[in-house]
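Comments concern the structure below.
Derivation of every value follows stated rules applied to the coordinates shown; laboratory data play no part. Everything quoted here is computed from the prediction, not taken from an experiment. Note: ideal-geometry Cβ built from the backbone for every residue, glycine included; neighbour counts use all protein chains shown.
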Amino acid sequence: MRNLSLPPRIERQIEVFILGLSKIFKESLLSVVLYGSAAAVSQLQERFNPAYSNLNILVLLKSTAPLELKKATKIVNRFKNLTPLFLTEEYISSSTDVFPIEFLDMQENYILLYGKDFLKDMRVDLKNLRFQCEHELKAKLLSLKQAYLGLNKHPTLLKESLIRLFTATLHILRNVLRLKGLQPAYQKEALLKELHLNLGISFGHWETILSAKSKKATIDKTGIEDLFIIFTEDLERIIRIVDAL
């Protein structure tokens, strides 16, 4: 297995996990891929922090029938800090139209650990990506307004709701930048700058929310409502942009 620039203990766990899978599934194991934040951190030569970076592992099998998956129960339970996703090639090829964001995110940040590189040549129709972005953003907008209706008299709870929806929205907006032909930044601070330049977000206010999320700054009770309203207004405007793409 290639060097992942992860802590030795983590790399050893992944190595043992793959070895276990190969013994269990033999020729039915087609590929093992590390994807998501841990892969991005490794590729950028940044320090891996298990508190913020997930260990998402995609396992490609010939079959994911329940009795086949049952074979992996013991080794999956052994490494609870690993999050394996078991798929087949057929499932992936028939699902990129339904989950374009998820599969593009995998393709953008992954490291092949074992077997064939099936993500390299995967194709996602941007029309399907636009539909999913619009759907997800409109759902987040409804959640924001429902949260405001119920929590506007409770600043602490309103802040928690804002930060949760802010995090989920950033993930979608990275893909809106893809729709505009851009390669979005991975680091959230750089991403906010790109969103400001290309979608006109209120950079200073979004930066304040991000700082509160990472606990680098606090938001006083009087400022939470203003941030919530500005974020909601920005999102409404972005939805109109996506709708016109």
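For this structure, a couple of remarks:
- Once the Cα atoms are used to define both axes, helix 155-179 deviates from the longest principal axis of the chain by about 60 degrees.
- Highest-first packing order for the peptide set 87-100, 26-39 is 26-39, 87-100, based on the mean count of other beta carbon atoms within 10 Å.
- Span from the the range 10-43 Cα centroid across to the the range 81-158 one, whole angstrom: 21
- Cross-link partners of K193 among lysines (Cα-Cα below 29 Å; sequence separation of 8 or more within a chain): K120, K127, K138, K140, K145, K159, K180, K213, K215, K216, K221
- Per-residue ellipticity at 222 nm, computed for the chain from helices alone with -39500 (n - 2.57) per DSSP H run of at least four residues, works out to -19500 deg cm²/dmol.
- Förster-model FRET efficiency, 22 Å R0, N198 and M122, C-beta, rounded to 0.05: 0.30
- The HN-Hα couplings worked out from phi for the range 228-245 by the Karplus form 6.51 cos²θ - 1.76 cosθ + 1.60 (θ = phi - 60°) are 4, 5, 5, 4, 5, 5, 4, 5, 4, 5, 5, 4, 5, 5, 5, 4, 8, 6 Hz, whole numbers, x standing for Gly and Pro.
- Gyration tensor verdict on the range 8-115 (Cα atoms; rounded if a/c is under 1.5, prolate if a/b is larger than b/c, oblate otherwise): oblate
- Of all lysines in the structure, those lying under 22 Å Cα to Cα from K74, and not within fewer than 8 positions of it along the same chain, are K23, K26, K62.
- Each of E236 and N152 was given a label point 7 Å from its Cα along the Cα-to-Cβ line. The distance between the two points is 1.2 nm.
- Distant-in-sequence amide H partners of F86 (H built 1.01 Å from N, under 5 Å): V59
- For the range 126-244, the relative contact order is 33 percent, taking Cα pairs closer than 8 Å that sit 6 or more residues apart in sequence and dividing their mean separation by the residue count.
- Mean projection of the Cα convex hull over all viewing directions, computed for the range 126-244: 6.7 nm².
- Karplus-derived 3J(HN,Hα), 6.51/-1.76/1.60, for each residue of the range 58-64, Hz, glycine and proline x: 9, 10, 9, 10, 5, 9, 10
- The mean sequence distance of close C-alpha pairs (under 8 Å, at least 6 residues apart), as a share of the length of the chain, puts its relative contact order at 17 percent.
- Range of Cα positions in the chain per principal axis (Å), largest first: 58, 37, 33
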